[in-house]
Structures are given as C-alpha cells and as structure tokens.
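The values are calculated or read from the model by the stated rules, or taken from the named source; none is laboratory data. Because the structure is a prediction, the values reported are computed rather than measured. Positions of Cβ are backbone-derived with ideal geometry, glycine not excepted, and every protein chain shown enters the neighbour counts.
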C-alpha cells in the first residue's frame, strides 16, 4: 500500500475543521481535510443561525458551513468526503487510515471531530429535527419567543437551558424522569424560583406530535403509566453530548466523558504534533463561534510546531 505524506491532516469539518483549514492553508501547510460522516458538523442540523457575528440577518447552518468550506477551498485546502477510521500516534510521522482504504503519513494532525448530542431515540424526534426539536437552546431558543417549550433532562445543562429559555418563552416545561434534579444547588434554585418553569417530575416522553409546520405537542407518560399531552412548539434535548473521540483515546488523554484534554490555553494534546479543536475538546461552551476560534488556534499551534 502506498502511503500518502501530508504536512497537516485535519479530521472533521464544521466550524473548527473548516476554520483550521483556512488558517493552515494561508500558512502554506498544504492541509488535507477529511470531512467525516457528517460534513459541516452539528450546525448543518440547525435551520437558522442568528448568533454568529457577521450575519445580522441570520443564515442557515447548512449555508454557513458551505461558505466556510468554499473559503477553505479558495485557499487550497484538499477536502475529501471520507472519514478516518484508524490512527497510530505512537510515533511521528503519524499513520492514519481512511474509510476507503488509504494510508496517510502526517507530520501534524488537528482533531476536529466534534460531539454528538444524545437523543431519546424516538422516530418523531428525527422527523422534527430542525422543526421544533433541538439540542441547543442558545442556538435555537430565539425562534420560540413567547411560545411554550419543553426541556428534557434534570442535570446542570437542562437547568441552564430551561433558565435561558424562561427569559424568552411563555412557559418552559422540564421533563424529568426522576423525582429530583441532578443539577447543582444554585442551578436548582434558579429553576425552582422561575415563575414560568414547570417541572414535570417522573415523566418520560412517549412521542412528539406535529404537522408540516413542526412540533405542536408532546405525549408524556408518568410514573403510573398514565399519558399526558402538553402543547409545545419547541422540544429541547439536554441529556448530554457524546464527544467523537473513540478512535483517539488509545493515544490522547481525555476526561471521564471522553472529551480530549488540551494543555492550558492552547489546543495541544499530550501527543506533540496532535491538536484538538471544537466540541471534541469543549464540554462547556459548544458554540459555533467558539469552535471556529479553537480551529484558528489549532492551525496556529500546528504552524508553530514546524518552527
């Protein structure tokens, strides 16, 4: 098998991967980017992005990612529609294998594989994704101003999402499968003291209801097995994210959830020459703008590695 040699290999697209590609290309690193199984990342599942600077009228997540991709191509990035399935970071140059059977030798690697939101697994969830179903209140909450919405979950993230939505929406239901919240005391107090947040204890979501306009309600089941219908327009999942870091964990240090750990205020990992950017190393912010910023940092860190 012939091994292709590259200076900088970027794994994953989305704001982090494409921004890293733009900066690496302009630094003459001749980057090769593998888009992965979801080109454009999570933002392609968001209908409208209104909080990314520079788009005063908003832009679809898909179009934003297409624009970033075109910009990376403009500066010479070699973008390939495939995924990386195996890595060997035990020595430099690093050896990686692609889903179509190629072997690549890379002097530096930028991991920008993102994270995947956890869903309940309901068929209606997939049907209404982007039409009422969301995993990011900060991204999509603005579209449900003065409407009724629901948040699934009982941890800190769920409470943060509910509190944020409470400032925008008419009523926020929290669907909690237990009889207690797992969130910190401060976050619990914030939710419990909000006048327009109603906690539905020991409830599970059975099905989402809707029409061509999107979600119109949710069918819930309580601890006694009785069904209840709530009228909502937005359904927000806040039951966690899964960082797409599996193939790297043999070599890269991660936290207990699988997020890649980077050093200080850099994108450097525990393996010299391997850098991580975007949601795969960010369990806290998970925004397009922060992912893009860390993509810039990773490219700059990779450039510095050669000097």
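Below is a table of values for the structure above.
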item: Matching residues in segment 14-33 - criterion: being in contact with a helix residue (DSSP H, G or I) (Cβ under 7 Å, 6 or more places away or on another chain) and part of a loop (DSSP other than H, G, I, E, B); result: 27, 29, 31
item: Strands (runs of 3 or more DSSP E) wholly inside segment 198-307 that include at least 3 residues being modelled with pLDDT of 95 or more and closer than 22 Å to residue 115 by Cβ; result: 234-237, 274-276
item: Segment 284-294, subset more than 13 Å from residue 20 (Cβ to Cβ) and touching a residue at least 60 places away in the same chain (Cβ under 8 Å), residue surrounded by the most Cβ atoms within 10 Å (Cβ to Cβ); result: 288
item: Qualifying residue in segment 89-96 (condition: under 26 Å from residue 135 (Cβ atoms) and not in a helix (DSSP H, G or I)); result: no
item: Within segment 64-79, tally of residues that are surrounded by 14 or more Cβ atoms within 10 Å (Cβ to Cβ) and in contact with a strand residue (DSSP E or B) (Cβ under 9 Å, 6 or more places away or on another chain); result: 7
item: Unique residue being at pLDDT below 95 and loosely packed, with under 15 Cβ neighbours inside 10 Å when the list is 53, 39; result: 53
item: Hits in segment 99-126 - residues which are outside any loop (DSSP other than H, G, I, E, B) and either more than 25 Å from residue 262 (Cβ to Cβ) or modelled with pLDDT under 95 (or both); result: 103, 115, 116, 117, 123, 124, 125, 126
item: Qualifying residue in segment 185-203 (condition: closer than 12 Å to residue 152 by Cα and under 25 Å from the mean Cα position of the chain (by Cα)); result: no
item: Meets criteria (assigned to a helix (DSSP H, G or I) and in the same structural domain as residue 107 (by TED's automatic domain parsing)) for residue 38; result: no
item: Unmet requirement for residue 86, which otherwise passes all of (1) in contact with a helix residue (DSSP H, G or I) (Cβ under 8 Å, 6 or more places away or on another chain); (2) farther than 19 Å from residue 135 by Cβ; (3) crowded, with 23+ Cβ neighbours inside 10 Å; result: (3)
item: Index of the failed condition, residue 181 passing every other in (1) farther than 30 Å from residue 260 by Cβ; (2) surrounded by 20 or more Cβ atoms within 10 Å (Cβ to Cβ); result: (1)
item: Criterion violated by residue 23 - all others in (1) surrounded by fewer than 20 Cβ atoms within 10 Å (Cβ to Cβ); (2) closer than 24 Å to residue 300 by Cα satisfied; result: (1)
item: Meets criteria (in a loop (DSSP other than H, G, I, E, B), touching a helix residue (DSSP H, G or I) at 6+ places or on another chain (Cβ under 6 Å) and at pLDDT below 95) for residue 183; result: yes
item: The one condition in (1) touching a residue at least 40 places away in the same chain (Cβ under 8 Å); (2) under 24 Å from residue 282 (Cα atoms); (3) out of contact with any strand residue (DSSP E or B) (no Cβ under 6 Å at 6 or more places or on another chain) that residue 33 fails to fulfil; result: (3)
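Here is a yes/no grid of residues against (1) assigned by TED's automatic domain parsing to the domain that holds residue 66; (2) more than 26 Å from residue 59 (Cα to Cα); (3) surrounded by 14 or more Cβ atoms within 10 Å (Cβ to Cβ); (4) touching a residue at least 60 places away in the same chain (Cβ under 8 Å):
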residue: 201; (1), (2), (3), (4): no, yes, yes, no
residue: 263; (1), (2), (3), (4): yes, yes, no, no
residue: 273; (1), (2), (3), (4): yes, yes, yes, yes
residue: 278; (1), (2), (3), (4): yes, no, yes, yes
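This table checks each residue for (1) over 19 Å from residue 209 (Cβ atoms); (2) buried (at least 22 other Cβ atoms within 10 Å of the Cβ); (3) assigned by TED's automatic domain parsing to the domain that holds residue 19.
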residue: 96; (1), (2), (3): yes, yes, yes
residue: 100; (1), (2), (3): yes, no, yes
residue: 103; (1), (2), (3): yes, no, yes
residue: 109; (1), (2), (3): yes, yes, yes
residue: 112; (1), (2), (3): yes, yes, yes
residue: 124; (1), (2), (3): no, no, no
residue: 136; (1), (2), (3): yes, no, no
